1. Quick one: Leu224 ticks every box in (1) aliphatic (A, V, I, L, M); (2) out of contact with any Gly (no Cβ under 9 Å at 6 or more places or on another chain); (3) assigned to a helix (DSSP H, G or I) bar one, so which box is it?
2. Determine whether segment 50-63 contains at least one residue that is out of contact with any Gly (no Cβ under 7 Å at 6 or more places or on another chain) and aromatic (Phe, Trp, Tyr).
3. Count, please, the residues in segment 85-120 that happen to be assigned to a loop (DSSP other than H, G, I, E, B) and out of contact with any Ser or Thr (no Cβ under 6 Å at 6 or more places or on another chain).
Amino acid sequence: PDTQAWTLPEPVSAELAILRTRLLPSLVEAARRNSELGAEDIALFEVARVYLPGPALPDEQTHVAAVVEGGWPRAKGIVEALYTALKAEPVFERTTDELLHPGKAASVGAGVVGELHPGALDGVWGVFELDLAQLLDAATALRYTDVITYPAVRQDLAFAVADDVAAGDLVSAAREAAGDELRTMRAFDVYHGDQVGEGRKSIAFAVTFQSSERTLSDEDAAALREKIVTALAQRFGAELRA
């Protein structure tokens, strides 16, 4: 048990005597039980309150956590999809965590994501735990711009990249390359499989080009697209698939 956790004076049961400081340990145990019963393609998630040590009263937070078979790429893909659904861009930074595999653990604004430590459970598992309040805060940081009357050009672009490349990093690099005329770039699909090879993934983006000063021609859109393709190839070894 966590020696820093708060305990209840009159718990309903011994299992509920300690207020949890994180959700992942109990999810890992649930995954273990399911695996021992012969379940396959296990994916478990939980949304619940946790209670972190505070000076007087515990700091109550609501977290979302998951344990999924498939390791780091699958967990990271789910987190990227959550951020994308909220129109936010995750930034992953290398970190360490006692539950996570050394070298396959990252912090993201709202929490942690990575591959479960091999000593915690047999197999290859991906996990994450996020503070919902921080996740929603990322979604509220929206930019407001003037309404543009010139028509937009919409395209879908898919890039094959290494598993450890984040969609948010690709978007940031694309914005630097194309400038303000890249109005939106939203990831909508992540593919792993034989078509991209082991250790790689394909991320598909819905892209909108639009100018506040003129109507973009097909040649203008093609030039913006080429700037993005070149920048992503140089920085991430990205290959345009479509």
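The values are calculated or read from the model by the stated rules, or taken from the named source; none is laboratory data. Please read these numbers as outputs of a predicted model, since none were measured by experiment. Here the Cβ is made from the backbone with ideal geometry for all residues, glycine too, and neighbour counts use every protein chain on show.
1. Among (1) aliphatic (A, V, I, L, M); (2) out of contact with any Gly (no Cβ under 9 Å at 6 or more places or on another chain); (3) assigned to a helix (DSSP H, G or I), Leu224 violates only (2).
2. Yes, the conditions are met somewhere in segment 50-63.
3. Final tally of qualifying residues: 17.
Table: residues versus (1) of a type in the set (S, T, N, Q); (2) within 16 Å of Gly168 (Cα to Cα); (3) modelled with pLDDT of 95 or more.
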{"residue": "Ala206", "(1), (2), (3)": "no, yes, no"}
{"residue": "Ser211", "(1), (2), (3)": "yes, no, no"}
{"residue": "Arg214", "(1), (2), (3)": "no, no, no"}
{"residue": "Asp218", "(1), (2), (3)": "no, no, no"}
{"residue": "Leu224", "(1), (2), (3)": "no, no, yes"}
{"residue": "Ile228", "(1), (2), (3)": "no, yes, yes"}
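Quick grid of which residues meet (1) at pLDDT 90 or above; (2) under 19 Å from Gly70 (Cβ atoms):
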| residue | (1), (2) |
| --- | --- |
| Leu99 | yes, yes |
| Val112 | yes, yes |
| Pro151 | yes, no |
| Phe159 | yes, no |
| Ala178 | yes, no |
| Glu181 | yes, no |
| Thr184 | no, no |
| His192 | no, yes |
